[in-house]
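For reference, the structure is listed below as structure tokens.
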Amino acid sequence: MQHAFQILGIQPTEVQALLNLDATALKKQGIAKIVVDEKPGYPCRVSLQDAEIGEDILCLPFEHHSVNSPYRSSGPVFIRLQAQAASLAKNEIPLMLRHRLLSLRVYNKEAMMIDAHTVEGKHLEKVIQDIFSNSESLYIQVHNADPGCYNCQINRAN
């Protein structure tokens with residue numbers, strides 16, 4: 001049985017106020033402006049695309065798992081200054097995930113982690129299907145396995 005899923009990035013409204021801050025205001029909030037020097041290397045969590053060489057991005061702390069459970073979590077993410085929200089079709093996997101080693105953290109309706117996997121991005125779809133074959137699996141938080149940074153969330157779709 002094929003399980004439908006939807007991959008979601010950070011919504012621009014969650015970070016919009018930060019995108020036009022000056023260097024002093026950014027520093028006060030623990031945010032760094034970086035010029036991209038390699039591709040791939042800086043995956044944008046809004047557009048779900050790798051930033052281009054020479055592009056300005058922000059590296060900022062972000063609460064990506066804002067839940068009432070022991071698994072509440074935050075960490076650094078990259079955001080392109082001109083990022084448009086990713087608009088992915090159901091079951092579509094963005095290229096930025098396909099060439100990375102990923103850590104998948106699986107959660108139930110109580111926001112408790114019930115499973116975890118490490119997978120090469122090229123095999124992501126099969127692992128998503130395996131995870132969602134468990135009816136308790138509600139959503140997956142995707143991280144880059146080596147640095148551990150949050151990438152996006154995969155929700156079970158109807």
For region 84-97, check the following and say yes or no: at least one residue is within 30 Å of ASP22 (Cα to Cα), buried (at least 20 other Cβ atoms within 10 Å of the Cβ) and of a type outside the set (Ser, Thr, Tyr). yes
Being in contact with a Cys (Cβ under 9 Å, 6 or more places away or on another chain), more than 19 Å from GLU63 (Cα to Cα) and at pLDDT 95 or above narrows it down to one of LEU88, LEU97, LEU101, so name that one. LEU97
Exactly one of ARG80, ARG72 is within 22 Å of VAL46 (Cβ to Cβ) and surrounded by fewer than 18 Cβ atoms within 10 Å (Cβ to Cβ), and that residue is ARG72
Is it true that some residue in region 105-118 is aliphatic (A, V, I, L, M), crowded, with 20+ Cβ neighbours inside 10 Å and without any contact (Cβ under 8 Å) to a residue 40 or more places away in the chain? yes
ASP115: passes all of (1) modelled with pLDDT of 95 or more; (2) farther than 21 Å from PRO147 by Cα but (2)
Residues of region 119-137 classified as closer than 23 Å to SER66 by Cα and surrounded by 16 or more Cβ atoms within 10 Å (Cβ to Cβ), total: 4
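Go through region 5-111 and tell me which strands (runs of 3 or more DSSP E), entirely inside it, have 2 or more residues that are within 23 Å of TYR139 (Cα to Cα) and aliphatic (A, V, I, L, M).
On the way: elements: 5-8, 32-35, 56-65, 73-80, 101-107.
Strands (runs of 3 or more DSSP E) meeting the threshold: 5-8, 73-80, 101-107.
Quick check on my filter: what residues within region 1-28 are over 20 Å from the mean Cα position of the chain (by Cα) and loosely packed, with under 11 Cβ neighbours inside 10 Å? Spell out how you get there, then give the answer.
Residues of region 1-28 over 20 Å from the mean Cα position of the chain (by Cα): 1-3, 20-28.
MET1, GLN2, ASN20, ASP22, ALA23, THR24, LYS28 - these are the residues of region 1-28 that are over 20 Å from the mean Cα position of the chain (by Cα) and loosely packed, with under 11 Cβ neighbours inside 10 Å.
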Name the pairs: first residue in region 89-102 and farther than 13 Å from CYS44 by Cβ, second residue charged (D, E, K, R) and modelled with pLDDT under 95, Cβ to Cβ under 9 Å, at least 6 apart or on different chains? ARG100/ASP146; LEU101/ASP146
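Check GLU38, GLU55 and return the single one that is in contact (Cβ under 8 Å) with a residue 24 or more places away in the chain and among the charged types (D, E, K, R).
Details: GLU38 fails: in contact (Cβ under 8 Å) with a residue 24 or more places away in the chain.
Among GLU38, GLU55, only GLU55 is in contact (Cβ under 8 Å) with a residue 24 or more places away in the chain and among the charged types (D, E, K, R).
Can you name the residue in region 138-158 that is assigned to a loop (DSSP other than H, G, I, E, B) and either touching an Asp or Glu at 6+ places or on another chain (Cβ under 8 Å) or not small (Gly, Ala, Ser) (or both) and is also surrounded by the fewest Cβ atoms within 10 Å (Cβ to Cβ) among such residues?
ASN158
The values are calculated or read from the model by the stated rules, or taken from the named source; none is laboratory data. Keep in mind the model is a prediction, meaning the values are calculated, not measured. Cβ atoms come from the backbone with ideal geometry, glycine included; neighbour counts cover every protein chain shown.
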